[in-house]
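Report on one structure; see the data block that follows.
The values are calculated or read from the model by the stated rules, or taken from the named source; none is laboratory data. Predicted, not measured: the structure shown is a model, and the values here were computed from it. Positions of Cβ are backbone-derived with ideal geometry, glycine not excepted, and every protein chain shown enters the neighbour counts.
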Amino acid sequence: VSSKGCQKIKGSQIRDLLNAKRFVLFDCDGVIWNGETAVPGAPEVVSLLKQQGKGVFFVTNNCTRPRETYVQKFSRLGFADVAQEEIFSSAYCSAVYLRDVAKVQGKVFVIGGNGVYKELRDAGVPFVEEETDVSGESIYDCPLDSEVKAVLVGYDEKFNFLKLAKACCYLRNADCLFLATDPDPWHPLRGGRVTPGSGSLTAALETATERKATVIGKPSRFMFECIANQFGVDPALALMIGDRLETDILFGANCGLDTMLTLTGVSQMDEAEGYKDSDALEKKNFVPDYVVDSIADFLEAQEE
Ligand code: PLP
Ligand code: CA
């Protein structure tokens with residue numbers, strides 16, 4: 001007997017589902033765009049939902065850009081009128097967490113890039129400035145800042161052994177917070193290439209410190225709490241749409257939202273069915289309620 005989930009829907013079924021929702025949360029990469037290319041029809045879908053008066057939000061684990069740069073990306077890719085307030089990135093939400101939840105009294109040591117630094121600066125959270133030349137430093141005598149009270153790990157293309165070693169030293173202090181922007185293992189690039197995700201860097205530091213990071217991004221609930229706090233979103237009236245079962249669909253399940261997998265990204269139908277057929281109870285939260293080939297199917301659903 002197959003349980004609920006993985007329902008492939010189109011046409012009037014999509015229309016009925018959307019009519020029952022007031023808020024739509026979109027994952028970004030693999031759902032509305034792939035890298036620098038918009039998913040065909042996605043800009044029209046976002047405009048349509050907004051015209052219908054729905055609250056539309058974007059939840060991305062990509063911490064490499066500050067929100068203002070996302071606004072530019074949206075407009076460059078043909079998404080009209082996406083406001084900064086509608087964008088919830090793991091970098092932005094990490095800064096919010098440090099400022100409003102952890103209320104950290106001291107500096108943050110960052111493994112990450114511009115997106116993280118800019119969001120911390122905008123939130124007024126003090127951090128250790130990124131060293132540009134560390135060629136003279138060694139693990140034996142590199143300077144450590146006694147004011148560091150948190151380590152934040154995100155995607156960092158300049159990740160190196162010295163950063164790992166410094167973070168390790170800071171985290172020897174049990175009072176030093178250990179945060180990760182997101183747990184993503186890897187991401188697809190063009191031409192079949194992949195890039196290691198933030199999760200792989202966090203894993204290195206978790207092994208070295210024998211500690212577990214607090215994850216801010218999906219599938220943790222915190223990004224939804226940020227949205228709900230700012231916009232008063234009722235989970236029962238919200239739909240989470242994503243392309244990755246282990247992050248987006250689990251996130252939706254963790255937050256009590258209906259979930260939809262779109263097949264324009266990482267996860268495919270067979271994986272979703274595999275989780276559905278699994279006996280392990282914890283795998284059930286990876287099973288999307290609904291599946292569509294692409295969010296472009298929303299357009300036809302409205303025309304019928
Ligand atoms: N982090 C990085 C560095 C990425 O390149 C990507 C996707 O391209 C992501 C995270 C995942 O982003 P999203 O949550 O929008 O799928
Ligand atoms: Ca994605």
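Just a few scattered comments:
- Filter result (β-branched (Val, Ile, Thr), in contact (Cβ under 8 Å) with a residue 40 or more places away in the chain and in contact with a Leu (Cβ under 8 Å, 6 or more places away or on another chain)) within the range 238-277: Ile241
- Residues that are surrounded by 19 or more Cβ atoms within 10 Å (Cβ to Cβ), at pLDDT 95 or above, within 14 Å of ligand 1 (Cβ to nearest atom) and not small (Gly, Ala, Ser) do not occur anywhere in the range 189-199.
- Filtered residues of the range 273-296 (kept if in contact with a helix residue (DSSP H, G or I) (Cβ under 6 Å, 6 or more places away or on another chain) and closer than 27 Å to Val45 by Cα): Asn285, Phe286, Val287, Pro288, Ile295
- Some residue of the range 182-199 being in contact with a strand residue (DSSP E or B) (Cβ under 8 Å, 6 or more places away or on another chain) and in a helix (DSSP H, G or I): yes
- For the range 71-94, filtered to residues that are among the hydroxyl-bearing types (Ser, Thr, Tyr) and surrounded by 24 or more Cβ atoms within 10 Å (Cβ to Cβ), the residue that is farthest from Gly199 (Cα to Cα) is Tyr92.
- Cys63 modelled with pLDDT of 95 or more, part of a loop (DSSP other than H, G, I, E, B) and buried (at least 16 other Cβ atoms within 10 Å of the Cβ): yes
- Test: residue in the range 85-93 that is within 15 Å of ligand 2 (Cβ to nearest atom) and not hydrophobic (A, V, I, L, M, F, W, C): yes
- Applying the criterion of being more than 16 Å from the chain's Cα centre (by Cα) and farther than 18 Å from Gly35 by Cβ to the residues of the range 72-86, the residue that is modelled with the highest pLDDT is Ala83.
- Subset of the range 168-181 (residues that are part of a loop (DSSP other than H, G, I, E, B) and either free of Cβ contacts under 8 Å to residues at least 40 places away in the same chain or within 16 Å of ligand 1 (Cβ to nearest atom) (or both)): Arg172, Asn173, Ala174, Asp175, Cys176, Thr181
- Filtering the range 132-139 for residues that are touching a strand residue (DSSP E or B) at 6+ places or on another chain (Cβ under 8 Å) and either touching a residue at least 60 places away in the same chain (Cβ under 8 Å) or more than 15 Å from Leu179 (Cβ to Cβ) (or both) leaves an empty set.
- Tyr155 being of a type in the set (Phe, Trp, Tyr) and either modelled with pLDDT under 95 or farther than 20 Å from Glu119 by Cα (or both): no
- Candidates Phe26, Phe57, Phe74: the one that is within 12 Å of ligand 2 (Cβ to nearest atom) and within 23 Å of Glu119 (Cα to Cα) is Phe26.
- Selection over the range 226-253 of residues that are of a type outside the set (Gly, Ala, Ser) and surrounded by fewer than 16 Cβ atoms within 10 Å (Cβ to Cβ) gives a count of 6.
- Residue match in the range 199-213 (condition: free of Cβ contacts under 8 Å to residues at least 40 places away in the same chain and either in contact with a Gly (Cβ under 7 Å, 6 or more places away or on another chain) or under 20 Å from Cys6 (Cβ atoms) (or both)): no
- Strands (runs of 3 or more DSSP E) fully within the range 205-304 counting 1 or more residues that are within 14 Å of ligand 1 (Cβ to nearest atom): 238-242, 258-262
- Scan of the range 65-93 for residues that are of a type outside the set (Asp, Glu) and touching a strand residue (DSSP E or B) at 6+ places or on another chain (Cβ under 6 Å), ordered by number: Arg67, Tyr70, Leu77, Gly78, Ile87, Phe88, Ser89
- Per this entry, Gly30 is counted among residues that are surrounded by 19 or more Cβ atoms within 10 Å (Cβ to Cβ), within 16 Å of ligand 1 (Cβ to nearest atom) and touching a residue at least 60 places away in the same chain (Cβ under 8 Å).
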